[in-house]
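Here you go, one structure.
The values are calculated or read from the model by the stated rules, or taken from the named source; none is laboratory data. Just so it is clear, the structure is predicted and the values come from calculations on it, not from any experiment. A quick note on method: Cβ atoms are made from the backbone with ideal geometry, for glycine too, and the neighbour counts reach across all protein chains shown.
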Amino acid sequence: MSQEQRAAAGASDPTATDDPDATARQMQVLEFELGGETYCVDIDYVSEIVDRGSLTAVPNAPDFVEGVMDLRGRTTSIVNPKTLLNVENTGEASRIVIFDATSFEDDAAVGWLVDEVDQVVRVSMDDVEDPPMDRGDFIEGIVRQEGDLVVWISPTKTVDK
């Protein structure tokens, strides 16, 4: 059943489907803003979202590491993905997306500074295009959603940089 057919039939959830294969081809992602653009990560990587607190600078850290913070007794490295992605810094990031440490090879506690957290949405893998060639190393793909393009990023691959 197409989205148009579901809408005409009065289905309230445009991602709802009777097709188990279509459901299997869907994932949930967390959408967030960086420099006025929308990006997303697989929600399975996300542990929590916290307000930006004070960060402690780390001498000789890579330029994309903003510092570290104590998050419930664990030292957490805070990364600025704008630096990694060459995104214009249009203001102070107010939120930190904390990733599940078990997602990383070394169980690293890592968070990303983001301008704003938007929403969790279900994405059909049919709406995901291959990443651009020059940034395919940590960009999982480009999601077409309601006429907008959302860049899907892999947090584990960005930290490896």
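Condition check ((1) among the hydrophobic types (A, V, I, L, M, F, W, C); (2) in contact with a Cys (Cβ under 6 Å, 6 or more places away or on another chain); (3) touching a residue at least 24 places away in the same chain (Cβ under 8 Å)) across all residues:
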| residue | (1), (2), (3) |
| --- | --- |
| W112 | yes, no, yes |
| E116 | no, no, yes |
| V121 | yes, no, yes |
| D126 | no, no, yes |
| D130 | no, no, no |
| D137 | no, no, yes |
| V150 | yes, yes, yes |
| P155 | no, no, yes |
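For the subset of segment 117-138 comprising residues that are of a type outside the set (F, W, Y), at pLDDT below 90 and in contact with a helix residue (DSSP H, G or I) (Cβ under 9 Å, 6 or more places away or on another chain), which member is farthest from E88 (Cα to Cα)?
D137
Still on this structure, please answer the following. Considering only residues that are within 16 Å of I49 (Cα to Cα), aliphatic (A, V, I, L, M) and in contact with a Lys or Arg (Cβ under 7 Å, 6 or more places away or on another chain), which ones fall in segment 71-107?
Correct list: A93, I96.
Mind checking which pairs have a first residue in segment 61-85 that is within 28 Å of G141 (Cα to Cα) and a second that is among the charged types (D, E, K, R) and buried (at least 17 other Cβ atoms within 10 Å of the Cβ), Cβ under 6 Å, 6 or more apart or different chains?
I78/E66; N80/E66
Something else about it: List pairs: first residue in segment 49-60 and touching a residue at least 60 places away in the same chain (Cβ under 8 Å), second residue of a type in the set (G, A, S) and surrounded by 11 or more Cβ atoms within 10 Å (Cβ to Cβ) anywhere in the structure, Cβ distance under 8 angstrom, at least six positions apart or on different chains.
V50/G111; R52/A93; R52/S94
Please verify whether T90 is in contact with a Gly (Cβ under 8 Å, 6 or more places away or on another chain) and polar (S, T, N, Q), treating the condition exactly as stated.
So T90 fits the description; yes.
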